[in-house]
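The values are calculated or read from the model by the stated rules, or taken from the named source; none is laboratory data. It should be emphasised that the depicted structure is a prediction, and the values quoted were computed from it without experimental measurement. SASA here: full protein model, heavy atoms, side chains in, ligands and nucleic acids out. Shrake-Rupley method; radii C 1.70, N 1.55, O 1.52, S 1.80 Å.
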Amino acid sequence: MTGVKIDGKLIAQSVKNRVKMAVDELKKQEINPCLATVLVGEDPASATYVRNKHKACEEVGIITKDHKLDANTTQTQLNEIVENLNNDNSVHGILVQLPLPSQLDEFTTTSRISPLKDVDGLTPHNVGLLAMKKAALVACTPSGVMEMFEYHNINLEGKNVVLINRSNLVGKPLYHLLLEKNATVITCHSKTKNLIELCQSADIIISAVGNRNKFILTKNMIKEGAIIIDVAISRFQEKLVGDADYEDIIQKASFATPVPGGVGPMTVAMLLKNTITAASLSSQIGR
Ligand code: GUN
């Protein structure tokens, strides 16, 4: 059996089309959705991600503000920039690109973002709302994965899902979102003992390790008809790859995401969606 490719580019485009219509509606109400990004340092991968986010905003009519800061920026300087963006009524969404240089603390930084402008869903307020099933702004990659399930009418109820990631941006939000859909979720990480057996018994595997030297998901590690969502992206032997050997696993999986062209485009599309949600939230409180 050959599985179905979950085409992230295609699904992301359908999200973008909806976002574009919402942007047009907001503009009729004289609200011009605006995303501010903050990039600290020169990491080339981060710079590419931010550039792609700006390009996508442009495509749907979202205004962007670009803050590029020196790699030696201090925590006090970064805090001040976040504070200024919080107070700027023309800015609806704030994204501080991660990871940050080592002198800067992620929690100190992201927890200062106004929860109403927190398009990454990373503030303690929004993380708490997510755990209580009340979130309006959820981390972009996890909500993009959920959108993929929805697009393909994949019912998660009662499914055994193995998550291989426990980060604040991917694993933890996904855990809550999957649980809300009545899946049974096992969160695995570097200290998990029986990872291969857990994978072999999973209906769905969502993998975000990102180190091909340490981990590669192959068809002998999955059960027949499993659904494989590959969140990882890394450079390996001059190629962009995920955690899974796509050509191998697609022979046994019922659905799988390729890399590139899978989850990546969804992350960007959901950022656009979160920005218009943030713009609507601001307008509701009269800003
Ligand atoms: N770095 C990698 N992915 C992300 C993301 O979704 N948001 C932010 N802020 N940084 C990232």
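In the chain, the longest principal axis of the Cα atoms and the axis of helix 263-284 are about 40 degrees apart. Only aspartates and glutamates eight or more places from Lys5 in sequence, or on another chain, were considered; those with a Cα closer than 17 Å are Glu147, Glu150, Asp203, Glu224, Asp230, Asp243, Asp245, Glu247, Asp248.
Apolar share of the accessible surface for the chain: 51 percent from carbon plus sulfur atoms, 1.4 Å probe.
Using the Kirkwood radius over Cα pairs, work out the Stokes-Einstein diffusion coefficient for region 10-61 at 25 °C and 0.890 mPa s, in µm²/s as a whole number.
Estimated via Stokes-Einstein, D reaches 197 µm²/s.
Put simply, the Cα atoms of region 1-115 extend 49, 47, 21 Å along their principal axes, the longest span coming first.
Counting only protein heavy atoms and a 1.4 Å probe, region 21-95 has 53 square angstrom of accessible area per residue.
Percent of alpha carbon pairs in the chain separated by more than 30 Å? Tail of P(r) above 30 Å: 31 percent of Cα pairs.
Once Rh for region 95-168 is found with the Kirkwood sum over Cα pairs, what is the Stokes-Einstein diffusion coefficient at 4 °C and 1.567 mPa s, in µm²/s? For these conditions, the coefficient is 92 µm²/s. The C-alpha atoms of the chain define a longest principal axis, and helix 8-28 lies at about 20 degrees to it. Measuring spread by the Cα atoms of region 108-241 yields a radius of gyration and Dmax of 15.5, 46 Å.
Cross-link pairs exceeding 22 Å between alpha carbons, from the set Lys9/Lys55; Lys117/Lys273; Lys193/Lys252; Lys193/Lys219; Lys159/Lys214; Lys193/Lys239: Lys193/Lys252; Lys159/Lys214; Lys193/Lys239.
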